[in-house]
1. All but one of (1) in a loop (DSSP other than H, G, I, E, B); (2) without any contact (Cβ under 8 Å) to a residue 24 or more places away in the chain; (3) not basic (Lys, Arg) hold for residue 243, so report the exception by its number.
2. Do you know which residues across the range 30-61 are of a type outside the set (A, V, I, L, M, F, W, C) and in contact with an Asp or Glu (Cβ under 9 Å, 6 or more places away or on another chain)?
3. Out of the helices (runs of 4 or more DSSP H) lying entirely within the range 120-221, which hold 2 or more residues that are crowded, with 18+ Cβ neighbours inside 10 Å?
4. Can you find a residue that is more than 17 Å from residue 155 (Cα to Cα) and without any contact (Cβ under 8 Å) to a residue 12 or more places away in the chain anywhere in the range 217-240?
5. Tell me the residue from 86, 57 that is closer than 17 Å to residue 142 by Cα, surrounded by 19 or more Cβ atoms within 10 Å (Cβ to Cβ) and not basic (Lys, Arg), please.
6. Do the conditions hold for residue 92, that is, is it of a type in the set (D, E, K, R), farther than 29 Å from residue 192 by Cα and surrounded by fewer than 18 Cβ atoms within 10 Å (Cβ to Cβ)?
7. Just a yes or no: is a residue in the range 32-55 assigned to a strand (DSSP E or B) and polar (S, T, N, Q)?
8. Which residue out of 99, 40, 21, 58 is among the polar types (S, T, N, Q) and either within 26 Å of residue 193 (Cβ to Cβ) or touching a Lys or Arg at 6+ places or on another chain (Cβ under 6 Å) (or both)?
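The values are calculated or read from the model by the stated rules, or taken from the named source; none is laboratory data. No experiment lies behind these values; they were computed from the predicted model shown. Using ideal geometry, Cβ is built from the backbone for each residue, glycine included, and neighbour counts are taken over all protein chains shown.
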Amino acid sequence: MCILFIALDIYPEHPVIICANRDEFHVRPTEPAHFWPPENHLLAGKDLQAGGSWLGVNKHGQIAALTNIRAPELQQSDKRSRGELVLKALDEPSTMTANWLREQSHFYNPFNLLFGKGNELYCYHSLNGEVQRLSPGFHAISNGALDDIWPKMAKGTQALEKQLSSTGNIDIDALLAIMTDQSQAEDAELPQTGIALEWERQLSSIYIKHPEYGTRSTSIIIQDHQGNTEFVEVRYDGKGRNLGRQSFKMPAS
C-alpha cells in the first residue's frame with residue numbers, strides 16, 4: 001500500500017472513510033480481496049508471495065493498512081514481510097498492537113501501519129517508534145510520515161475534502177476517480193527520498209502507471225457508527241486497464 005486518504009468524523013453517518021491505493025510490482029502474485037477461510041472473519045487481499053496483506057478489515061470493524069516508508073538506504077533483504085503486520089493488527093486489540101509494534105518493528109523494513117476501530121485510529125511510524133492517534137479531520141499517509149506535505153498527499157486530501165463537502169451522499173465513483181489521478185508534481189515540489197529523479201517523478205502521482213511497478217488496486221472503505229463496513233476494490237494491470245471491481249458488505253459483530 002502506498003497511499004491512504006482518511007476522512008475521520010467528517011461525514012455524519014459514516015465516521016470512517018478511507019481511500020487507498022496499493023502500489024506494487026505487477027509480477028508479484030496477488031489474490032483479490034476476499035473473506036479468508038476457514039472462519040471468514042477477515043476481509044482483505046492477499047500477497048501470494050509472502051502470505052500477508054496490505055489492507056483489511058475484520059468482523060469487529062477493526063481496520064489495518066500498511067504503507068512502505070521510502071528509505072532505500074535502510075532496506076535490508078533479510079527482514080520479515082511487512083504484510084504480516086496487517087494480519088497481526090486485525091487479530092488483537094489496538095493497545096496490544098501498539099505495544100507489540102514498539103517491541104518488534106525492528107524486524108521489518110521501514111513502514112507506517114494504520115490500525116484501530118471506528119474513530120479510534122492510530123498510525124505507527126517505525127522510524128521513530130511513535131504511535132499517533134488520528135484527530136478528527138482529513139489525513140494522508142504515504143511513504144513518509146503521517147500528514148507529510150508531499151504534493152500528491154496534499155492534492156488527494158484536498159480532493160477528498162471537496163468531494164465530501166459538495167454532496168449529501170457518498171459517491172463511490174467520485175472517490176475512485178480521486179485515486180486514479182495520474183498528474184505528476186513539478187520537479188521543484190518533489191520530495192527527496194533517496195531515489196533517482198525519474199522515479200521521484202513517476203511516484204509523485206496518486207495513481208502510478210508503469211509496466212513494471214505501479215498501482216495494482218484501489219480500495220474504498222466506508223464504516224458507520226456501528227462498525228458495519230462497505231468495502232470496494234478495483235484492480236488494474238500495468239497498462240492501467242481495469243481488471244475488475246467488487247463490492248462487499250461486512251456487518252459488525
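1. Checking residue 243 against (1) in a loop (DSSP other than H, G, I, E, B); (2) without any contact (Cβ under 8 Å) to a residue 24 or more places away in the chain; (3) not basic (Lys, Arg), the one that fails is (1).
2. First, pick out the residues of the range 30-61 that are of a type outside the set (A, V, I, L, M, F, W, C): 30-32, 34, 37-41, 45-47, 49, 51-53, 56, 58-61.
Scanning the range 30-61 gives 30, 31, 32, 45, 46, 47, 51, 52, 53, 58, 59.
3. By residue number, 151-165, 172-178.
4. no
5. 86
6. Against the criterion (of a type in the set (D, E, K, R), farther than 29 Å from residue 192 by Cα and surrounded by fewer than 18 Cβ atoms within 10 Å (Cβ to Cβ)), residue 92 qualifies.
7. From the range 32-55, those assigned to a strand (DSSP E or B) are 32-35, 42-47, 55; that's our starting set.
Among the residues that remain, those that are also polar (S, T, N, Q) are: none.
No: the range 32-55 contains no residue that is assigned to a strand (DSSP E or B) and polar (S, T, N, Q).
8. Residue meeting the stated conditions: 21.
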